[in-house]
Amino acid sequence: MQAIYLDHAATTKLKPEALSKMLPYFTEVYGNANSQHAFGREAMAAVDDARDFIASAIGAKPSEIYFTSGGTEADNWALKGMVRAAAKKGKHFIISAIEHPAMIESAKALEKEGYECTYLPVLSDGTVNLQALKDSIRPDTTFIGVMLANNEIGTIQPVAEIVNIAKEYRIPVFTDAVQAVPAMRIDVKQLGVSAMAFSSHKFGGPKGVGVLYLKTGTPIAKMMTGGHQERTQRGGTTNVTGIVGMAEALRITLQEMDANNAKIASLRDYFVARVKAEIPEVIYNGSEQNRVPSNANFTFRYIEGESILFRLDLAGIAVSSGSACSSGSLEPSHVLLAIGLREGDAHGTIRFSFGAENTKEEVDYVVDTLKQNVQMLREMSPLYHK
Ligand code: PLP
């Protein structure tokens, strides 16, 4: 049976170059990076090199890079840390309604502490409503968080425009760039954000490591208390192997980005064109233009996404229904509801996320399998026959 992986937004395979860079730090250079002896110094030198490279890759200073356990921690830290640090100025903050659960759940936790959150509505293509943003800003607003690219529908947000609006009111903007880093070159100075999160395993690095970029002078409360690591801001023994692997994966990602994006976008576009032409009653969710090249998100009306996922899995095809991080719950996705899908349609939605190793033959097999199964499931669905 074929094994076809179309779930690159959930996670990616470790790049071989990242693995080879990591290996010696498991077995030979295993010192604690904070130890003062040669073992430790050698480990710290590798972490410093990784920090320098990552900083230069996003137009930041090395002192603005904080290593975390991934996107979830970086999102939690930015939102809770920046909002709490500004509590004297005000207790209101704004995030988009389609943020990752790492943001939405952190916002809810802050609401329980007495903070107030405005969840910004989005247009039907998933773009944040800028007028609603302007209308939501208040004298006590201390934080705006809008993701650079959405994990379910792939929509890219006008973050630089959001920063321009926020600047007038001197409100810091944070962006979750977890899905954006694999797809685009980012310069934090050009983007103008005060903070940004990303995660290694989305671009061929190891799991469990990520970055919070924090512009010099941005007030933030600590999330993790402990040792002196990460300039006392984030205690915990440094994840040397993870950091080294992440930096190498980022280096390769940037090196291959143009060629890979062109290839991935053409596979995705071919897939989208075939699905639209050959499967009736589908909705293509997200923006046609402002979208990461890897993402295609379709609603197959009258049937359950879970049933499609299960049948594709039996045929050796890995996809996701809604967000990978929230699948397992049968709640309709908050992102799909926010773009205006009806609850029933939201349930019939599948995310396909392509990678550079996918082929046209695989796409043909996926569309053929999808066609057969969608038809079969619809024939069994009472909704379809109404
Ligand atoms: N933010 C977005 C947009 C994501 O897609 C994800 C993971 O799916 C995360 C945050 C969480 O990142 P991590 O898996 O590194 O915790």
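For region 77-90, residues that are in contact with a strand residue (DSSP E or B) (Cβ under 9 Å, 6 or more places away or on another chain) and surrounded by fewer than 20 Cβ atoms within 10 Å (Cβ to Cβ) total 4. Reported count of residues in region 346-380, each being assigned to a helix (DSSP H, G or I) and either crowded, with 19+ Cβ neighbours inside 10 Å or of a type outside the set (Asp, Glu) (or both), is 19.
Filtered by the rule that a residue be under 13 Å from PRO158 (Cα atoms), away from the ligand (no atom under 14 Å from the Cβ) and polar (S, T, N, Q), region 92-147 gives THR127, ASN129, GLN131. Taken together, the residues in region 184-198 that are in contact (Cβ under 8 Å) with a residue 60 or more places away in the chain, away from the ligand (no atom under 12 Å from the Cβ) and among the aliphatic types (A, V, I, L, M) amount to 4. Being under 18 Å from the mean Cα position of the chain (by Cα), in a strand (DSSP E or B), modelled with pLDDT of 95 or more and within 16 Å of the ligand (Cβ to nearest atom), is that true of even one residue in region 70-87? Checked region 70-87: no residue is under 18 Å from the mean Cα position of the chain (by Cα), in a strand (DSSP E or B), modelled with pLDDT of 95 or more and within 16 Å of the ligand (Cβ to nearest atom). Taken over region 160-177, the criterion of being more than 13 Å from the ligand (Cβ to nearest atom), among the aliphatic types (A, V, I, L, M) and either buried (at least 16 other Cβ atoms within 10 Å of the Cβ) or touching a residue at least 60 places away in the same chain (Cβ under 8 Å) (or both) is satisfied by ILE162, VAL163, ILE165, ALA166, ILE171, VAL173. Considering only residues of region 108-157 that are among the small types (Gly, Ala, Ser) and not in a loop (DSSP other than H, G, I, E, B), which is farthest from GLN289 (Cα to Cα)? Filtering first and then ranking leaves ALA109. Test ILE153 against the stated conditions and say whether it is surrounded by 24 or more Cβ atoms within 10 Å (Cβ to Cβ), more than 14 Å from the ligand (Cβ to nearest atom) and not aromatic (Phe, Trp, Tyr). When the stated conditions are applied, ILE153 does not pass them. Among the residues here, PHE26 does not qualify as of a type in the set (Phe, Trp, Tyr), more than 16 Å from the ligand (Cβ to nearest atom) and either surrounded by 18 or more Cβ atoms within 10 Å (Cβ to Cβ) or part of a strand (DSSP E or B) (or both). Give region 276-295 a look and list any residue that's polar (S, T, N, Q) and assigned to a loop (DSSP other than H, G, I, E, B), or say none. Hits for region 276-295 are SER287, GLN289, ASN290, SER294. One residue alone among PHE298, PHE310 is closer than 23 Å to SER333 by Cα, of a type in the set (Phe, Trp, Tyr), in contact with a Ser or Thr (Cβ under 8 Å, 6 or more places away or on another chain) and not in a loop (DSSP other than H, G, I, E, B), and that residue is PHE298.
The values are calculated or read from the model by the stated rules, or taken from the named source; none is laboratory data. Since we're looking at a predicted model, the values are computed, not measured. No Cβ is skipped: glycine too gets one built from the backbone with ideal geometry, and neighbour counts run over all protein chains shown.
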